[in-house]
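Peer 1: Below you'll find the structure I mean.
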Amino acid sequence: MTGPLSPSGMPLPGSAVRSKPALGSERAALREAAEGFEAIMVRKMLASARAASFAEETPLTGGGMQQFQTMRDEHFADIAAQSGAFGFARSIEAQLAQYLPATDAVQGDS
């Protein structure tokens, strides 16, 4: 995923999160899994932070607002994971890449 899309489905100008170098298939799968795991971790952190809210229930904080916040948090978590903002995916990938075959790991390091 490259970033936010316009209504026509094309990426918005300047919205590419980062370009990814060509990787071996196993290394690419590892990176995708690591980014997915980072996104899950960020979502959980945001959900925990929201659960600590002491705001009382009002018409503006009902189910619609909670659903919007959940969708916003999921989108933020995906962007943060793809951009490497927290670095969890990079660390996970580096740790697990040592178990890949040498030729695939070397391609991913360039």
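The values are calculated or read from the model by the stated rules, or taken from the named source; none is laboratory data. Everything numeric here is computed off the predicted structure, so don't read it as measured data. In this analysis, Cβ positions are derived from the backbone assuming ideal geometry, glycine residues included, and neighbour counts consider all displayed protein chains.
Peer 1: All but one of (1) more than 11 Å from VAL42 (Cβ to Cβ); (2) modelled with pLDDT of 85 or more hold for ALA105, so report the exception by its number.
Peer 2: Looking at each condition in turn, ALA105 falls short on (2).
Peer 1: Out of all the residues in region 53-73, is one or more surrounded by 14 or more Cβ atoms within 10 Å (Cβ to Cβ), at pLDDT 90 or above and assigned to a helix (DSSP H, G or I)?
Peer 2: yes
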